[in-house]
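The values are calculated or read from the model by the stated rules, or taken from the named source; none is laboratory data. Just so it is clear, the model here is predicted, and its values are computed rather than measured. Here the Cβ is made from the backbone with ideal geometry for all residues, glycine too, and neighbour counts use every protein chain on show.
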């Protein structure tokens, strides 16, 4: 974007560039946030409707690039993302059917792009600034990618022998093949990032944080959240970690990490897993592949409140994993030789709601019971570790590094991001926060912001979807043969949608970035649009209340014709079928594509 054009944007909020206009008006920013729920729900801000439209048109390479602009690792996230976009998808709202398979389509873009596809980047010239990043997990990789793209010299330090963090060492191969991960990481770091593997940072290492601050213009800590939480037992086990006492008890994440480093791991015949997240399910599914005869996941509440995707739960059950709810572990049972024979639980009942949409588990007095097992894997969460820091840094009450609005810690030039700041989250959240911190770090290094987010508005000549697309059923993900995959730790379970399958799934998208508007000065109030509308999305209104900044509007529907001031399209109900556009005899309905875009300052 030219300097002159950008000055116009700053002055007026909307300017034309060819057919496109760029706006930073609150009303337009708010419209995008309110009417594109999938993108708003994505921590990385992925332009979901745009890449799905590209897939529908067979442009898989373009769809892949649209993804990379936001989430950096599309081939990875297309397999293991927690899918907050799908929970928000308008197609999944009551009366609309099932949500679009957004994550599966993201994978399709990566899988089906041409073998010779060339990645495109918007590169900046060298700045002469040097940044050190500690931790090559999702947040560190995303930040390294963006900072190198912005022209900074980036050094990435990783204590493990391979980059990827939890992607490589926490997630099993059957969910995320290592060849896919290798390619995606190479693409993200190919812009000149210096990668130092097997290189610890901090106390007891050759690279103290204090020295990095001397050698580099800024240091970013993205060390993750890797220390397992202890199991809060009761009675004689209170304050004791059974993993340190019994050889048959392990923490889930260290168990997976050791396995993925190449160490030999084993389980006995009856495995109990305590926990309700992705790590717990991964431990259970790995245990079946290691030969366990019985694998049971024990959770405090109920299965419907497990914060993982329904697909993961379904596949785990197909593989023989069982889930038992409403129980909290309070102790373990050992035989005379110190080997595990069972876990002692207390029965729970469901209480009220916790923040985040989960239920409170209330123990029932006198309800203790024992579940027999000979292996216990504990996967109830992780916490950050700060003992490697060799200089005083202010921490919050959770012992995470405290950062200000710019992402900087109490030490000048020392930034922090990702799970290392927030505590354990998801991969897409870590990527989003890594990219956000990279932008703030760039602003601090350069003394001014160099990019900003606006709404790009492009006229659309005609509707882009048809009403019959609403009746296409969700395309199910094909999976590997059950008997074969349970014998292999590396066989990928989900096989990916076919070219035709992903095209059909892409058609289902409502394309919520399309904005339908009626020009009230040209409208003749013939009601043709209302008559053909398949939903109550076109309304007779007596007036509209608009917030002072134009960010929101409230419609006042009219019941009588003498009260009608306008015919208005309710974009919250609109499914972008285009029936109204085609029926209008005076062509007073316009369509624009509204989407977030980053422009240079």
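Structure values in brief
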read-out: Number of positions in the stretch 338-360 that are loosely packed, with under 15 Cβ neighbours inside 10 Å and within 33 Å of the chain's Cα centre (by Cα); value: 9
read-out: Scope the stretch 314-336; condition part of a loop (DSSP other than H, G, I, E, B), touching a residue at least 60 places away in the same chain (Cβ under 8 Å) and under 25 Å from residue 101 (Cβ atoms); matching residues; value: 319
read-out: Conditions (1) more than 30 Å from residue 439 (Cβ to Cβ); (2) surrounded by 14 or more Cβ atoms within 10 Å (Cβ to Cβ); number of the one not met by residue 544; value: (2)
read-out: Residue within the stretch 526-540 that is assigned to a strand (DSSP E or B), surrounded by 14 or more Cβ atoms within 10 Å (Cβ to Cβ) and without any contact (Cβ under 8 Å) to a residue 40 or more places away in the chain present; value: yes
read-out: Residue in the stretch 295-313 that is modelled with the highest pLDDT, counting only those that are assigned to a helix (DSSP H, G or I), crowded, with 16+ Cβ neighbours inside 10 Å and touching a strand residue (DSSP E or B) at 6+ places or on another chain (Cβ under 9 Å); value: 313
read-out: Wholly enclosed strands (runs of 3 or more DSSP E) of the stretch 549-601 bearing at least 2 residues modelled with pLDDT of 95 or more; value: 589-600
read-out: Residues of the stretch 471-488 satisfying the condition of being farther than 20 Å from residue 313 by Cβ and touching a helix residue (DSSP H, G or I) at 6+ places or on another chain (Cβ under 8 Å); value: 472, 487, 488
read-out: Residue match in the stretch 372-381 (condition: in contact with a helix residue (DSSP H, G or I) (Cβ under 7 Å, 6 or more places away or on another chain) and under 22 Å from residue 217 (Cβ atoms)); value: no
read-out: Residue tally, condition farther than 21 Å from residue 599 by Cα and either surrounded by fewer than 18 Cβ atoms within 10 Å (Cβ to Cβ) or in contact with a helix residue (DSSP H, G or I) (Cβ under 6 Å, 6 or more places away or on another chain) (or both), over the stretch 429-458; value: 1
read-out: Filter result (touching a strand residue (DSSP E or B) at 6+ places or on another chain (Cβ under 8 Å), surrounded by 20 or more Cβ atoms within 10 Å (Cβ to Cβ) and farther than 28 Å from residue 382 by Cβ) within the stretch 118-176; value: 148, 152
read-out: Any helices (runs of 4 or more DSSP H) falling wholly within the stretch 198-294 and containing at least 2 residues that are free of Cβ contacts under 8 Å to residues at least 60 places away in the same chain, surrounded by 14 or more Cβ atoms within 10 Å (Cβ to Cβ) and outside the structural domain of residue 342 (by TED's automatic domain parsing); value: 252-260
read-out: Residues of the stretch 1-54 satisfying the condition of being closer than 18 Å to residue 513 by Cβ, modelled with pLDDT of 90 or more and in a loop (DSSP other than H, G, I, E, B); value: 24, 25, 36, 42, 44, 45, 46, 47
read-out: Subset of the stretch 381-400 (residues that are closer than 30 Å to residue 309 by Cα and touching a residue at least 24 places away in the same chain (Cβ under 8 Å)); value: 381, 382, 383, 384, 385, 398
read-out: For residue 238: the one exception among (1) closer than 30 Å to residue 367 by Cβ; (2) in contact with a strand residue (DSSP E or B) (Cβ under 8 Å, 6 or more places away or on another chain); value: (2)
read-out: Lone qualifier among 83, 90, 53, 59 - being outside the structural domain of residue 436 (by TED's automatic domain parsing), touching a helix residue (DSSP H, G or I) at 6+ places or on another chain (Cβ under 9 Å) and either surrounded by fewer than 20 Cβ atoms within 10 Å (Cβ to Cβ) or free of Cβ contacts under 8 Å to residues at least 12 places away in the same chain (or both); value: 59
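To keep it simple, each residue is scored yes or no on (1) more than 26 Å from the chain's Cα centre (by Cα); (2) within 29 Å of residue 339 (Cβ to Cβ); (3) modelled with pLDDT of 95 or more; (4) not in a strand (DSSP E or B).
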site	(1), (2), (3), (4)
367	yes, yes, yes, yes
370	yes, yes, yes, no
376	yes, yes, yes, no
380	no, yes, yes, yes
385	no, no, no, yes
388	yes, no, no, yes
393	yes, no, yes, yes
398	no, no, no, yes
404	no, no, yes, yes
